[in-house]
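Read through the structure below, which is laid out as structure tokens, and then see the notes.
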Amino acid sequence: MSRIPENLQGVHARIAAAAAKVSRHAQDISLLAVSKTFGADAVVEAVRAGVRHFGENYAQEALEKITEVRRLQKDGVPDSLQTAVLTWHFIGPVQSNKTRLLAASVDWVHSVDREKIAARLSEHRPAGMPPLNVCIQVNISGEASKSGALPDDVPALARAITTMSGLRLRGLMAIPQRADSVEAQRTPFRALHDLFALLQQQGVPVDTLSMGMSADLEAAIFEGATIVRVGSAIFGERDYGH
Ligand SMILES: *Cc1c(COP(=O)(O)O)cnc(C)c1O
């Protein structure tokens, strides 16, 4: 038996408890289920348990999974799966030779960290699709993955993205280094929130703070996260096959 439905209940309870602590509404925080390394079957189970937003961080894996889930939605017995409208988010490093594939297959990219990549995504977004939602990934605390724009470079990058017709700038994303205490976790999230507030003051229309994962979603919610990206707490520990 899969633990996905009960894991999801646990994650929703954590989101609700954290939101309540800072007098926020839980419905203002979207849950992005990070399905990387798990198959289409796990995605389908999560859909049946009510999840609509999925995150992937390898382009090829994302494309294959999206295609397979669509096939299962089309061919399966009529149930809630068939009518579910899913939103796919790319959250991994964007290689320039993958921008065409990504621009044609996902709804969001959270990990734009330079103008060249943004321009390519915009150029490759197919004309019949709505603009691709993007977040700027920020290297807020000597970011674990070492990717991300430097905070000082974010305002100019944000303004550049707002001029690109294939993109819609939504906000900021970060993956801070691990920290054990909630207080220590809050520091980089607060810095990302401050940068977000600065953009808003400058008149840049942003509405999304993508921050918080399985281990630190409470700290992120305390600091204003609007999307939390949760993998292992929903799907279980990942097995990278080595
Ligand atoms: C894998 C991943 C997550 C989810 O991490 P968990 O610790 O499993 O919740 C979130 N964001 C990004 C960018 C990831 O690559």
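Could you say which residue among 164, 213 is touching a residue at least 40 places away in the same chain (Cβ under 8 Å) and under 30 Å from residue 44 (Cβ atoms)?
213
When residues of region 18-58 are filtered for being in a helix (DSSP H, G or I) and either crowded, with 17+ Cβ neighbours inside 10 Å or without any contact (Cβ under 8 Å) to a residue 24 or more places away in the chain (or both), how many remain?
Final tally of qualifying residues: 13.
Specify the residue that is least open to solvent (accessible area, probe 1.4 Å); the eligible residues are those in region 129-142 that are assigned to a loop (DSSP other than H, G, I, E, B) and modelled with pLDDT of 95 or more.
139
Any residue at all in region 143-164 that's open to solvent by less than 50 Å² (accessible area, probe 1.4 Å), at pLDDT 95 or above and touching a His at 6+ places or on another chain (Cβ under 8 Å)?
Among the residues of region 143-164, not one is open to solvent by less than 50 Å² (accessible area, probe 1.4 Å), at pLDDT 95 or above and touching a His at 6+ places or on another chain (Cβ under 8 Å), which makes the answer no.
Report yes if residue 237 is away from the ligand (no atom under 14 Å from the Cβ) and free of Cβ contacts under 8 Å to residues at least 40 places away in the same chain, otherwise no.
For residue 237, the condition - away from the ligand (no atom under 14 Å from the Cβ) and free of Cβ contacts under 8 Å to residues at least 40 places away in the same chain - is not met.
Look at region 191-218 and say how many of its residues are open to solvent by less than 10 Å² (accessible area, probe 1.4 Å) and within 13 Å of the ligand (Cβ to nearest atom).
The total comes to 4.
Hey, among the residues in region 174-190 that are open to solvent by 70 Å² or more (accessible area, probe 1.4 Å) and either acidic (Asp, Glu) or at pLDDT below 95 (or both), which one's nearest to the ligand (Cβ to nearest atom)?
Once the filter is applied, the top-ranked residue is 178.
Could you list, in sequence order, the residues of region 93-108 that are surrounded by 17 or more Cβ atoms within 10 Å (Cβ to Cβ), of a type in the set (A, V, I, L, M) and in contact with a helix residue (DSSP H, G or I) (Cβ under 6 Å, 6 or more places away or on another chain)?
94, 102, 103
Can you pull out every residue in region 80-139 that is among the polar types (S, T, N, Q) and either within 16 Å of the ligand (Cβ to nearest atom) or touching a residue at least 40 places away in the same chain (Cβ under 8 Å) (or both)?
Selection gives 87, 95, 105, 111, 122, 133, 137, 139.
Say whether the condition of being closer than 21 Å to residue 204 by Cβ and within 16 Å of the chain's Cα centre (by Cα) is met by at least one residue in region 149-166.
For region 149-166, residues closer than 21 Å to residue 204 by Cβ and within 16 Å of the chain's Cα centre (by Cα): absent.
Of the conditions (1) within 16 Å of the chain's Cα centre (by Cα); (2) more than 13 Å from the ligand (Cβ to nearest atom); (3) under 26 Å from residue 207 (Cα atoms), residue 54 fails just one. Which one is it?
That leaves (2) as the condition not met.
The values are calculated or read from the model by the stated rules, or taken from the named source; none is laboratory data. In this text, all values refer to a predicted model and were calculated from it rather than measured experimentally. Using ideal geometry, Cβ is built from the backbone for each residue, glycine included, and neighbour counts are taken over all protein chains shown. Calculation scope for accessible area: heavy atoms of the full protein, side chains included, ligands and nucleic acids excluded. Shrake-Rupley method; radii C 1.70, N 1.55, O 1.52, S 1.80 Å.
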